[in-house]
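The structure under discussion appears below in the form of structure tokens.
Here, each number is a calculation from the coordinates, and none is a lab measurement. Bear in mind that the values here come from a model prediction, so they are computed numbers and not experimental data. Reconstructed Cβ throughout: ideal geometry from the backbone, glycine too, with neighbour counts over all protein chains shown.
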Amino acid sequence: MLGVLLTIFFVALVFVLVSIIKFKLHPFLALLLGGLLMGILAGMPLDKTAAAMAAGFGGTMQGIGIIIVLGVALGSLLHVSGCTSQIAALLLRVTGTANTPMAIALTGYIVSIPVFFDAAFVILVNLVKTLSRQGRVPFATLVTALAVGLITTHAMVIPTPGPIAVAATMGVNIGWFLLYAIIASLAGVLVGGVIYGKYLGTREEYKNDFANAFADELSEEEKREKETKKLPSGELGIFLIFFPIFIILLGTVAGMFLDKGTAAHTLFMFIGDKNIALLLGLFMGFFCLRPYLEESFNDLVNEACTQSGIILAITGAGGAFGKIINETGIGKQLVEGMTGLTDGTGALVLVAAFIISQVLRAAQGSTTVALVTTAAIFAPVVTGLEGVSPLLAALAICAGGIGLSLPNDSGFWVINRFGKFDVPGTMRVWTVGGTISGVTALIVILILSMFTTSLPGLL
């Protein structure tokens, strides 16, 4: 039975992939049709298939819909106020020119918490060009550091949509999830972004490329305007990024020590909710950045709602696809198939979660869709197995969404276009760097699994 379901699952995935790449069908429609195909081929009643599709979409929106819009709005505030560039400048002052790759990787890591990957890369790539020329650091080295820093955070650190969806689906504590995600993701950025980026810069085709081919794209008038514009401090930008994260962590810690049912416990649980925390973060951002904004707060929120539409649609469709997959019984079959294959640490389950997430990421290009779909499959798997940490399984899924970005991924072409690499060069910088980061994060997660019963929050 498992073999039949896996075959049907593969057919549905191929359908989605071919529909998007070959026939240019919108991912929203391709995912919905792929889910319906999965349900029909698996013998689900038509009415049950349609209901599962709607339930999957709605359930996903319930978990991440609000936070996506708020996250985009906060990112817009930071961008239009000039905070992102100031964060980069601050990190460079702290690390020094000699450690430019590390500074850029950390910049990408931090900025990608509230800002989506594509936008963040476009925002920061000109800074990378300048630093490459001025510091005579190979351009490929800095692009690798930036891109890997951005995508690793995007795949693993809340409040980006994918990790939020995974944490919600797997039913894990947000605070503990965030703590261990930071540990694993930083290791991935260090190895896949900084160390691999420096190695790439030693290759003959990259070692003397200091972005000299890029002309200064600012006019003299734009330069003067940029130089005279009042900008917020980098310290303020970092504070605003971490403000909602701090509130979430505060709620988690307070929940551990305060008695349930008390007014204090209720209050901290309320403000520690991810949606409330980010809402408070958005208003805090507006309050602090108001002197640096040239457009109204309502205009920024309106733009955020508009930009979020496509993200919400595709993410919801991924949830619908995952729900139908789960309703076919593939999760139960995987439980039965894996029960006898796992040891006490559940290491094989973690590896399997990583691999499936990675395969889905490569197949259809979207990190978020890969994470949402894999989480829907593995939630019942982990529930049915003893000794397996749902939190570590969630992190393994997220790590699988980092690498193997292929030409069917929009991020691939962002790197290609704005970095002016050829396709093989883009794969060296972006695909390989991200894959190394994901595998490194998985190794850290496997090490943590050895201490499942002794480390707090894992079970």
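Tabulated data
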quantity: Footprinting exposure proxy for MET170, MET44 (fewest neighbouring C-beta atoms within 10 Å first); calculated: MET44, MET170
quantity: In degrees, nearest ten, helix 83-95 long axis to first principal axis of the chain (Cα); calculated: 80 degrees
quantity: Zone residues, the stretch 2-31, relative to VAL359, backbone N less than 14 Å from point 7 Å out along Cα-to-Cβ; calculated: 2-15
quantity: 10 Å-binned pair-distance histogram of the stretch 226-332 (Cα, whole percent); calculated: 12, 25, 27, 26, 8, 2, 0
quantity: Reduced Cα scattering model of the chain, Debye log10 I(q)/I(0), q = 0.08, 0.11, 0.13 Å⁻¹; calculated: -0.46, -0.87, -1.20
quantity: As computed over the stretch 5-124, the Cα convex hull volume per residue (Å³); calculated: 151 Å³
quantity: Only Lys, Arg (+1) and Asp, Glu (-1) charged, at Cβ; the chain dipole about Cα centre in debye; calculated: 440 debye
quantity: Among the listed pairs LYS207/LYS420; LYS24/LYS129; LYS22/LYS48, those beyond 26 Å (Cα-Cα); calculated: LYS24/LYS129; LYS22/LYS48
quantity: Order of TYR292, TYR109 - criterion: other Cβ atoms within 10 Å of each residue's Cβ, fewest first; calculated: TYR292, TYR109
quantity: Per-residue HN-Hα couplings for the stretch 157-170 [Karplus 6.51, -1.76, 1.60; θ = phi - 60°; Hz; x = Gly/Pro]; calculated: 10, 5, x, 5, x, x, x, 4, 5, 5, 4, 5, 5, 7
quantity: Percent RCO, i.e. relative contact order, over the chain, from Cα pairs under 8 Å lying at least 6 residues apart; calculated: 24 percent
quantity: Residue exposure sequence - GLU294, GLU327 - by fewest surrounding Cβ within 10 Å; calculated: GLU294, GLU327
quantity: Residue-averaged [θ]222 nm for the chain, counting only DSSP H segments that reach four residues, each worth -39500 (n - 2.57); calculated: -24500 deg cm²/dmol
quantity: Segments 373-379, 203-209, 393-399, 232-238 sorted - mean Cβ within 10 Å per residue, highest first; calculated: 393-399, 373-379, 232-238, 203-209
quantity: Dipole-positive endmost among VAL429, LEU442, CYS305 within the chain (Cβ charges, Cα centre); calculated: VAL429
